[in-house]
1. Quick one: in region 137-147, which of the residues that are surrounded by 12 or more Cβ atoms within 10 Å (Cβ to Cβ) and hydrophobic (A, V, I, L, M, F, W, C) is modelled with the highest pLDDT?
2. Limited to region 61-95, what total is found for residues that are in contact with a Lys or Arg (Cβ under 7 Å, 6 or more places away or on another chain) and in contact (Cβ under 8 Å) with a residue 40 or more places away in the chain?
3. Which of the following residues is within 29 Å of residue 137 (Cβ to Cβ), at pLDDT below 75, of a type in the set (S, T, N, Q) and in contact with a helix residue (DSSP H, G or I) (Cβ under 8 Å, 6 or more places away or on another chain): 7, 90?
4. Looking at residue 41, is it modelled with pLDDT of 80 or more, part of a helix (DSSP H, G or I) and touching a Pro at 6+ places or on another chain (Cβ under 7 Å)?
5. Within region 46-60, how many residues turn out to be surrounded by fewer than 18 Cβ atoms within 10 Å (Cβ to Cβ) and in contact (Cβ under 8 Å) with a residue 12 or more places away in the chain?
6. Being in a helix (DSSP H, G or I), touching a Ser or Thr at 6+ places or on another chain (Cβ under 9 Å) and at pLDDT 65 or above narrows it down to one of 36, 70, so name that one.
7. So, of the residues in region 69-101 that are among the hydroxyl-bearing types (Ser, Thr, Tyr) and under 21 Å from the mean Cα position of the chain (by Cα), which turns out to be surrounded by the fewest Cβ atoms within 10 Å (Cβ to Cβ)?
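The values are calculated or read from the model by the stated rules, or taken from the named source; none is laboratory data. In this text the structure is predicted, and so the values were computed from the model without any measurement. Neighbour counts run over all protein chains shown; Cβ positions are idealised from the backbone, glycine included.
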Amino acid sequence: ALTIGIQLSALVLQWVNMAGTLNSSINGMEWSAYTAIQAVSTVIEPLFTAAALAWFGMWMGLTTSKASTAVIKTFVFVVVIPTVALGIAQISIQMTISFTFLSKASASSAKWIAMLQPIIALLLSVAANVVFIVLARRKLFPHFRELAAGETIRRIRRSDLTQNAPPIVQPK
């Protein structure tokens, strides 16, 4: 929450500072619109990441034998691997857009293509986090009681209880 607050305050200060000039643009791109998109991204992306960490962490915590291993798995799967993969995907998408559209685009359409970068980054990140949330929910909901009970439920089965039951004495 602290980093979100710091990032948002920096973006708001940049936005207010650049909004003072009427013709504030960088490479034909409106700075205030770009900063607004970044501010929205700064708020939305950590919320989805936190939800993905919570759901995936709960699933890993219930299925992994050691708590430290569950924490490491959760962090690696939800944060590290998607960051690397989304970075590569974002670079590929941006290069494709740049080479195909910017060579043919006019100056007015070039600024809108440049504004796609934070939107693409946000959409890819949210999509990856939604995949982790849905995956963990689908794994947790059907078997939550069994997972929460751990080894106890695996050892005691209904058939085991009936097979090892003492004999019933018939009344005379």
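1. Step by step, filter region 137-147, then rank; the result is 140.
2. Qualifying residue count, region 61-95: 0.
3. Exactly one residue qualifies, and that residue is 7.
4. So residue 41 passes the test.
5. Here the count works out to 2.
6. 70
7. The selected residue is 92.
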